[in-house]
Each structure stands twice: as C-alpha cells, then as structure tokens.
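The values are calculated or read from the model by the stated rules, or taken from the named source; none is laboratory data. Fair warning: this is a prediction, and the values are worked out from it, not measured in the lab. So basically every Cβ, Gly included, is an ideal-geometry build from the backbone, and we count neighbours across all protein chains shown. The accessibility values were calculated without ligands, DNA or RNA, using every heavy atom of the protein model including side chains. Shrake-Rupley method; radii C 1.70, N 1.55, O 1.52, S 1.80 Å.
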Amino acid sequence: MKFIIKLFLSILFLFTGTLFLYSQNNCVIRGFVYEKETGEPIIFTNVYLLGTTYGASTDVNGFYNITRVPPGKYTLTVTYLGFDSLKEVITIKPNEIVNRKIYLSKSAINLKEINVSAKKEEAKTQVQVSVTKITPREIKQIPTVGGQPDVAQYLQVLPGVIFTGDQGGQLYIRGGSPIQNKVLLDGMVIYNPFHSIGLFSVFDMDIIRNMDVYTGGFGAEYGGRISSIMDITTRDGNKKRVSGNVSASPFLSKVLIEGPLEKQKEKGGSSSFIFSAKSSYLEQSSKIFYPYVDSSVSSNGLPFNFTDLYGKISLNSDNGSKINFFGFNFNDIVNYTSISKFHWTSNGAGTNFILIPGAASVLIKGNIAYSKYKISLTEENNAPKTSEISGFNAGLNFVYFFGKNELNYGIELLGFKTDFNFENAIKRTIQQLDYTTEIAAFFKYKITAGKFLIEPSFRAHYYASLSEFSPEPRLGLKYNLSDKVRLKASGGLYSQNLLSATSNADVVNLFYGFLSGPDNLPDSFNGKLVKSRLQKAYHVIGGFEYSLTKNIDINIEGYYKKFMQLTNINRNKLYDDNGDNYKIPDYLKKDFIVENGYADGIDWTLKYDTKKIYLWAVYSLSWVRMFDGIMEYYPVFDRRHNINLLGVYKFGHKLDWEFNVRWNFGSGFPFTKTQGFYELIPFSDGIMTDYTKSNGNLKTLYDTINTGRLPYYHRLDITLKKEFMFSETSKLEIDLSVTNVYNRKNVFYVNRITGKTFYQLPIIPSISINFIF
C-alpha cells in the first residue's frame, strides 16, 4: 500500500513538473467573469478574442482560459444574455500570461434573441454524453409542489430517471439503485440527498450555482459508484451587499441570508458568507390545510417533518484563487401511526479550494470533508433496524489547458465506517461493523482533432480494506457531423464497495441502510468462483444531438449497463454460518448473496427554448433484469415506459407572469403478489412446546418475486407565478400551485393483511410567498 502511494506521488510530481515547464511556451489569457451587482461568477458564457477563432467558455467557477494565443493586440469580448457586452483591448507578449477579471453589468435593454450561446458552443467542444447541466433557472421552471421549487422535483423530468413515488420515493437512474448514485455537494459525499416525502431534497435551490447529473458513461474523475453521478456546486454569498429571501407555504418555510465579510472591489480580495435554513411542518399543517388526506394516507395527516441547515464562508484572492468552508445539518422524521416510525440525521463539514498559479496555465482544485448519516426504522411487530455511515473524502486534481485540448489528473482518498443492524422475517440477525479505506488516481485527456472530440480517461482505484485493485479504462467520443448534428458515444468500467439493505419485495422502502463490501459472500455464483467482493459494471452509450433550429434541440441516447457483480443482503437466510451447518447451501446461511443483471433502453429528449416559451419533452423506454443465482426477476424500479412533459409560458408587459405545467406518465412497477397466509408457531419451549395451545404469528405466503404489476402512474401539476418589483434589489413572488390536478389515485402501498389500498398524494392546492431583498 505504501509503495503504491509513493509510486503514484512520484509520478504525479514528475508529471506536474514536466507540464509546468511545457506550459512556459504558451501565451495565455485567463481570468474570471463576475456579476458586477453581486460578485457571483457567471458560468457557461463565451469569452473570445474578437475576429479570431480563439476563445473559451467559463466553467462552473466563472473561470476562462484561452491558451496558445500568438503574441499581438486583441479585443477581449464577453457576451451573456441579460448583461451588457464587454470589450477590452489587450496586448500580449511572447510567453506571457495575462490575468483579467471581468465584471458584467445587467442590461437595461431586454435582448430579443441570443446571438451567441455558450451552451450551444459547448455542445460542439465538449463530449458531454449522458450529462445534464442544471442551473437555478431550469429548476424554477418546474411546477412547484407546495410553492417551493426543488432539485428533487426537477430531477424527476430528466431522461433515464425513474421516480418511485411521492412518499418514500427514491430516484433510480438507468437501472441503477440509489446506492449506486454518488451525490457530491462542493466535493463532499452526501449519503442521502432526498427527504422521505419524495417532493423535496435536502438542498435549498437558492444556494445552488450548478448541478451536473451524469446518468452513465462518466469520466475517470468520478469513481466509487457504478451507475450515476450528481455533482452539485453551491454559490458564494453576495460579495457586494447583505441580501437574501424569506418564503412560506403550507408545506414549509425558508430563510436565506448572505453578504460580504469584506466587499469585493475591482482590485484586491474579498470574503462573503451564505446561510440557508428550511423546515417543513407537514404533519401539523396538513391537518389544517389538507384534512381530507387523512383517510387516504394515514391517520396522522402527512406525517413528514424535516429541517435543513447549510452555511458557507468564501475567501477570495485578487487573482481568483479561493477557499471555501462549509457545513450542513439535515434531519428527517416520518411517523406513520401504528405502522412505523422512521428517522434519519445527516451532518458534515468541509473545505475546498481553487489555486491559480501565476506562472503556469493550470487550475488546481482540492477538497477535504467529513460527513455522517444515521438512520433508524421501528415497525409494528418487527425489531428496530439501524444503520450508520460516517467518514471523510479528500481530493486534489490539476487541469492543464493546451489550446483546445485539456488534461485533467489527480488523486482521491476516502475512508468510512459502517455500522448496520438488521433482523429478517424469521428473526435472523445480520450485523456489520466495518472500516473501509479507498485510494484512487485518475487522468483524462480531451483531444480536439478536426471534427472529432476524443476523451480517453483511466482510473486506478484501490480498495485497501479489501486488498483489491480495480483498473477502470473509460472513453468518450463526439463527432461534429455538421453545425447542427453531432454523434456521440461513451463507455467504461466502474466499481464500488458500498451496498444498501433494501428489500426487493415491496416498492415502498423507507429504510435505506448502508454496508461496505462484506466477507460473508457465497464461494461461488452461477457455477463460477466469487473472486472479488466489489460490485462492478460496465456502460456502453451511443446517440446523437440535433439542433433543428436555434430554439429546438433533439437528443437521443441508447444505453446498456451490465452489472457484472452486485451484492445484496440475503433475506432468505435460515441458518447460522458455522461449522455445524457446513452442509447447508450458501444461499440459506450466508448474510449476503451475489447477483448480476443488466439495464438497457433509449431516451428521447426534445427542448424548445425562447424568451417567452419553454417546452421540454422526454420519453424513456427501458428494461431492467436481475439474476440472484436461482431465478431472474424484475427489480421494483423496472418501469417500461416513462413520459415527462414540461411547459413554461411567460406573459405580461414585463413578463412578470409565468405559467408552468408538468405531466408525468409511467407504466406500473413490479410487486410481489400475496398467495395466502399461515400461522407461524414460535416453539419458544423447543420440542416441549404444545403447538395445540400455542398462539402463533400471522405470516404472509408470497408469490414469485415481482411477477405482479401496479397500475399506471400519472399526475398533472400546474403553477401560476406573479412577480412584484419594489426596487432594483427587492421583489415579491407569489406562487399558486396545484399538485395532482385531476386527483389521480396512484397506489402508494397495499396492506397485505386487510387489503386496504393507500394512495400517493391527492389533489393539493397551495400558495407560497417569497420575498427577495
């Protein structure tokens, strides 16, 4: 282990030194683009040298880097919708690096069209297979549930994303379970990003700068998960003045405040803070505003309460280098009267930084963070289930720019503890207390060769606690067939050591425990020796993008995910795994089982975007199958058809009115049918038990797993918004929304004993008020 670390660091420093010397032969123009009013970076905008082919788009930090520029005199130009264009004459000498901070002012004139689109330009210069870039602008376009726009609501309309319900719902991305989705907040690992009522995430939309959602085929800079990545970047606090917003609705209330600790100026550094708090009171408010919900959901109204706190301090230097310190505390409680009580907490803190060396065309980024997640579930007639995961993650990576080419490489460290306690249906206990360490190194190189974009990458991931090394080659490709049509493909190998303890018997899974790669696996699977304790998969993705007009974009992607090895908790365990039971088959005594499977499908996306109208249409056709060594089955999230239609219309003299509509349609999920019931005698006195007088427990006799299908799911949501401007810095927003407009009765779950059906949310109107200052 020590040898591997020393070898990697030696190569890293040697490579860094070589590139540092090489970069001295570049002429470079670089810097950051900021909003003049707030000091917040402007992301994904074009910065170019007028009359030349030299230019770049700003990244998520507002950073641009134009390299290999011939010496001479140029006009540096920046254009962005809603802001005044900026032009500045720059003279650059041989081997010189010119740093320019650029401040854009909001335009007093509303532009009628976008002449230069950074996103369209980025589509030609970046591979971007199976990735959706989301900003607050997109999130606000979704009809609000309870008057509050939220990440969880927007993710449900993305291609390849399956959502299992309004209550206890989880997101399943292209055949991957939630444990196979990695969520990063400013580089920190978040183990559960969604609340038990599936309408809300733990993230306040107003703190988000950008979110990249990779549904597959992601590059080597991401690892430790075999299905998808959700990378969220939060914004800094206002660097010019104290500002914020306060909002309230029948679902929840929220407050956000931000401002400078040291104001940003044209020259010199700055510092700022941002703090957000939101809290629901559904269990109390639903009894007042939605008393009719009681009969269809529970005897306790909508039994969901949660509180989310997030804070961040940002310190910025004159040249754009910066360091952030942040922390969070999330809390969730569900109380289904006489059925179950569910509670989880999540908290953590960390720091990340960006360094801009003065003498090299390189961007250095790093992070270190610690987070903890604890969950418990108490159910009627069952022992409590508990799970805890806590640990750190750290990373350091370097990004070099060579004209239109780009090199990214770095190192990542991760360590966590898992503490799990679970009892299956026949009172067999499965426990695990484990400590895990991982180290990984990666590189990715983007090559621009005419119309081709080639992005090979490689990740070397070492799972120290398992003494297993996972080499993971990956590749992304794009071919610009024309200015309007682009072909693309990606694929690679992926691994992870984390697994969950959820049931495939029911759609509703409140408890989502975490375990690390276990020792107690079967010796063989499907006739082959089990040599690894890792979960592994490979992805193959292909498709094309078509810019039909300047306002209409079409995207089609087909994918195949092969889950070569999965680990699941063994809910069929009947015997202890000891010497007395050596003749018992593994599938009846091991704590865990090995599975494999596949997911394939195709996603169609259509986007129409103008100043007044925004339309988004997605259709996903997919198949998911799993094999546990005995039988093949459909997992609970196998949805064949999924449709999402989203529309936004802005109107009024100042476009201060907005109407949003969203319709979701999905075919039925699999579930396990009930064949009958039987009485289970506990035999508490052993062979002396008098079974003729003993009272047993009522138990369910299940049919073959997941051979049934629930009814189709569909729901219509609408929102009407009005904006009232009081000054340049203050306004009032009022949202009127209706969730489940035509009161569709979508199945939540069925009580197997009584046969009573419980439904997802009924029609729920609401009003919210949001004051921004």
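Some points to look at:
- For the stretch 344-493, a simple Cβ point-charge model (Lys and Arg +1, Asp and Glu -1, everything else neutral) yields a dipole of about 740 debye relative to the Cα centre.
- Magnitude of the charge dipole for the stretch 443-581, about its Cα centre and with charges confined to Cβ atoms of Lys, Arg (+1) and Asp, Glu (-1), is about 800 debye.
- Kyte-Doolittle mean at least -1.0 and Cα axial length at least 18 Å: DSSP H helices in the chain: 2-22
- Segments 460-471, 660-671, 590-601, 96-107 sorted - mean Cβ within 10 Å per residue, highest first: 590-601, 660-671, 460-471, 96-107
- Legend: calculated FRET efficiency, ARG68 to THR674, from the Cβ-Cβ distance at R0 = 41 Å, rounded to 0.05, equals 0.05.
- Cα gyration tensor, the stretch 197-284 - rounded (a/c under 1.5), prolate or oblate: oblate
- Overall form of the stretch 216-333 per C-alpha gyration tensor (a/c, 1.5; a/b vs b/c): oblate
- For the chain, projected area of the alpha-carbon convex hull averaged over all directions, nm²: 33.9 nm²
- Once Rg and the Kirkwood radius are both taken over the C-alpha atoms of the stretch 661-773, their ratio Rg/Rh works out to 1.33.
- Reach of LYS73 by Cα under 25 Å, taken over lysines that are not fewer than 8 positions away in the same chain: LYS87, LYS93, LYS101, LYS267, LYS404
- Across the stretch 64-105, Cα-Cα pairs farther apart than 15 Å form 47% of the total.
- Here the peptides 489-497, 400-408, 261-269 are ranked by packing, the mean other Cβ count within 10 Å, and the order with the highest first is 489-497, 400-408, 261-269.
- Cβ crowding within 10 Å averaged over residues, with 82-92, 271-281 ranked highest first: 271-281, 82-92
- Computed over protein heavy atoms with a 1.4 Å probe, the carbon and sulfur contribution to the accessible area of the chain reaches 59%.
- Cβ-Cβ distance of ASN697 and ALA617, R₀ of 45 Å, FRET efficiency by 1/(1 + (r/R0)^6): the value works out to about 0.35.
- The stretch 687-773: trypsin sites (Lys or Arg not before Pro) in DSSP loop, at most 11 other beta carbons within 10 Å: LYS693, LYS756
- Accessible area in square angstrom per residue, the chain, 1.4 angstrom probe: 42 Å²
- Placing pseudo-labels 7 Å out from each Cα toward the beta carbon at ASP483 and LYS531 gives an inter-label distance of 5.3 nm.
- Per-pair calculated FRET efficiency, R0 = 22 Å: ASN335 and LYS374 via Cβ, rounded to 0.05: 0.80
- Candidates ILE681, SER667, LEU701 compared by Cα position along the dipole of the stretch 657-703: farthest toward the positive end lies SER667, with charges placed on Cβ.
- With the Kirkwood sum run over all distinct C-alpha pairs, the stretch 150-216 has a hydrodynamic radius of 12.3 Å.
- Extreme residue, positive dipole direction of the stretch 610-666, given options VAL624, GLY647, ILE613 (C-beta unit charges): ILE613
- Reduced Cα scattering model of the stretch 544-639, Debye log10 I(q)/I(0), q = 0.12, 0.20 Å⁻¹: -0.60, -0.97
- Area accessible to solvent at LEU50, 1.4 Å probe radius, in Å²: 80 Å²
- Three-way shape call for the stretch 605-743 based on the alpha-carbon gyration tensor, with the a/c threshold at 1.5: prolate
- Working note: 222 nm ellipticity from helices only, DSSP H runs with n ≥ 4, each -39,500 (n - 2.57), summed and divided by the residues of the chain, gives -2000 deg cm²/dmol to the nearest 500.
- The stretch 132-188 versus the stretch 703-739: alpha-carbon centroid distance in Å: 13 Å
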